[in-house]
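Below is one structure, written out as structure tokens; comments come after it.
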Amino acid sequence: MGKYRLARTPWVNHSWHATLYVNGRGLTTGPVPDGPGGVEVAFDLIDQEVVGCATDGRSGRVALGPTTVADFHHPLHGAARVARGHAPAGRTSQRGA
């Protein structure tokens, strides 16, 4: 999640632009510029999923569970693609579009 933000925001000394923030359900990247709008990626520790939400209301979700980092990487970016309005990938689902 941090690398998603790191790759899409302007550089700030010591990578301060890639920090995660605590919210009411877990951790979030906050709004990240991506495409024509922005995407927020959040670890929802209550529902045990990662949620990508776009500024236009689209969202993609990936369930959290035991997996390798490599197996988690593709669905995470797929959820972000769904949120941006692109075709779904992996175990993501589209809501709100």
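The values are calculated or read from the model by the stated rules, or taken from the named source; none is laboratory data. These numbers were taken from a predicted model, which means no experiment stands behind them. A quick note on method: Cβ atoms are made from the backbone with ideal geometry, for glycine too, and the neighbour counts reach across all protein chains shown. In case anyone asks, the SASA skips ligands and DNA or RNA and just uses the protein heavy atoms, side chains included. Shrake-Rupley method; radii C 1.70, N 1.55, O 1.52, S 1.80 Å.
Are any residues in the range 35-55 acidic (D, E) and loosely packed, with under 15 Cβ neighbours inside 10 Å, and if so, which ones? First the steps, then the outcome.
Initial filter on the range 35-55 (acidic (D, E)): 40, 44, 47, 49.
Of everything in the range 35-55, just one residue is acidic (D, E) and loosely packed, with under 15 Cβ neighbours inside 10 Å, namely D47.
Within the range 1-34, how many residues turn out to be open to solvent by less than 80 Å² (accessible area, probe 1.4 Å), modelled with pLDDT of 85 or more and of a type in the set (V, I, T)?
Residues flagged as open to solvent by less than 80 Å² (accessible area, probe 1.4 Å), modelled with pLDDT of 85 or more and of a type in the set (V, I, T) within the range 1-34 amount to 2.
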